[in-house]
Every structure is written in C-alpha cells, then in structure tokens.
1. Exactly one condition in (1) hydroxyl-bearing (Ser, Thr, Tyr); (2) more than 15 Å from the ligand (Cβ to nearest atom); (3) surrounded by 15 or more Cβ atoms within 10 Å (Cβ to Cβ) is false for SER63; which is it?
2. Name the pairs whose Cβ atoms lie under 7 Å apart, with the first residue in the stretch 31-47 and modelled with pLDDT under 95, the second assigned to a loop (DSSP other than H, G, I, E, B), and 6 or more positions between them or separate chains?
3. Looking only at the stretch 102-135, filter to residues that are within 12 Å of the ligand (Cβ to nearest atom) and touching a residue at least 40 places away in the same chain (Cβ under 8 Å); which one of those is surrounded by the most Cβ atoms within 10 Å (Cβ to Cβ)?
4. Could you look through the stretch 101-118, keep only residues that are under 15 Å from THR186 (Cα atoms) and hydrophobic (A, V, I, L, M, F, W, C), and pick out the one that is modelled with the lowest pLDDT?
5. Name the residue, out of GLU168, GLU199, that is at pLDDT 95 or above and either touching a helix residue (DSSP H, G or I) at 6+ places or on another chain (Cβ under 8 Å) or under 29 Å from MET1 (Cα atoms) (or both).
6. Scan the stretch 136-154 and report the pairs whose first residue is farther than 15 Å from ARG87 by Cβ and in contact (Cβ under 8 Å) with a residue 60 or more places away in the chain and whose second residue is within 15 Å of the ligand (Cβ to nearest atom) and in a loop (DSSP other than H, G, I, E, B), with Cβ atoms within less than 6 Å and a gap of 6+ or a chain change.
7. Hey, among the residues in the stretch 142-164 that are within 15 Å of the ligand (Cβ to nearest atom) and in a helix (DSSP H, G or I), which one's nearest to LEU174 (Cα to Cα)?
8. For residues that are touching a residue at least 60 places away in the same chain (Cβ under 8 Å) and touching a Ser or Thr at 6+ places or on another chain (Cβ under 9 Å), scanning just the stretch 84-97, find the one that is nearest to the ligand (Cβ to nearest atom).
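The values are calculated or read from the model by the stated rules, or taken from the named source; none is laboratory data. Quick caveat, the model's predicted, so the values are computed rather than measured. Neighbour counts run over all protein chains shown; Cβ positions are idealised from the backbone, glycine included.
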Amino acid sequence: MMTDWEIRRSIVHYGKLVHRAGFVAATDGNISVRMMEDRLMITASGSALGNLDPAALLYVDFSGQVLQGRGKPSSELPMHLTIYKKRPDVLAIIHTHPPISTAISIAKESLSQAVLPEVVIMFGEIPIAPYATPSTDEGAKVVESLIEHHDVIILDHHGAVTVGKSLEDAFFKLEKLEHAAKTLLTAKQLGKISPLSEEEVKKLKAVRQQLGYK
Ligand SMILES: [Zn+2]
C-alpha cells in the first residue's frame, strides 16, 4: 500500500501529465484517490493541476466532510463521491477537459461507433453523459448509472471522467480517449467515416471478454 506522501506525490505527478498533455487549462479539472475505507484524497477547489502543492491536497470522508487540509475540496466532489460509492473497485478518478473529446459532444458526434479496434476491446463503447451544470450536484446524477458499466465517460459540453485501479490506469484511459477522439476527427477531415463491420465488432467483443475487460 502506498503511503500518504507517495499518494500526494503521485497526484502531483499525474496533475502535471494531464496539464502537459493539454487535457486541462489553468485551474480546470480535479483528481482524487480512494485512501482507506473511510476517506479519499482530492485536489482543492481552484488549484492548478499542472502546479499542485502536495501539502495542499485534502482528505474528505464519504459524506463529503473535510477531515484534513485547508481550503475547499474540488467543486466536483459530489461526482467523485458518487463514483466511489457505485464502484468499490475504483481507486482513482481523473476529471479533465480534453478538447477533442469534449468537442465530439459539442458537435453531437459519438465515440460509440466502432471505428478503432483497440477502443472496442478496451472500452466497449464510450458514452456521453447528458449535459449537467459543472460544479453542481447535477454532475453526480448524470454519471451515476453510466459509471456502473463504463470506466470512461464524456461529459456533454464539458469534459471527461476516467476511473481506474490506480492513477496511472485512469490516466492511460484518458490518454486513449483523447487519442481516439483525435483519430476520429482526423478521419472526418480526410473523408467519410467507415465503421468496422458487425462481424469484426463481434470478434473484437469476444477478445474483450477473453481479456476480462468489464
Ligand atoms: Zn470540469
């Protein structure tokens, strides 16, 4: 098990990575890690993921009460709490505003059509949660049912949330999401989208099952 300090350093590290990758700007986004049974560690409201202070992360319990740390927890805390409650297997959550994945929702496009074999194998499909006003309880409501079956969700007109068994796992899913969105966008710029055939999708879903993806 990682120590308190190792987790702080890990959140700072992945904060830098998501900022450098352009998945957030300024003080966008938030990151959390499930700690013991009764608490999680989360970034503070208004903190810049690219320049986090490891000492400024907060401990919060599952009713949303701050147990330790100064300032207010991220305004998307209700979404994080809902996800941890719904998914006991989830140990880390990253919420960001990846531009191309977000643009897909704005343009009413979809990443659910089967165009990339790796995405079908790893994610099955990537749903878009209905629009919710950011920083309100609405964000928790719109992901509540989707998170039961998906580790990667696009938030309509807003961003994305990815979850995993570690911060690295959640970050890799986020990278793959934005990469898939970029590939789809490029294909659309070049011409018509040609989805994989039903037969090929069936084969990919069998591989997905064999590999034990949720
Ligand atoms: Zn956001």
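1. (3)
2. Partner pairs satisfying both residue conditions: ASP38/PHE62.
3. Filtering the stretch 102-135 for residues that are within 12 Å of the ligand (Cβ to nearest atom) and touching a residue at least 40 places away in the same chain (Cβ under 8 Å), the one surrounded by the most Cβ atoms within 10 Å (Cβ to Cβ) comes out as THR102.
4. Across the stretch 101-118, the extreme among qualifying residues is LEU111.
5. The conditions single out GLU168.
6. Within 6 Å, the pairs are GLY139/GLU76; GLY139/ALA132.
7. VAL143
8. Per the stated criteria, the residue is HIS95.
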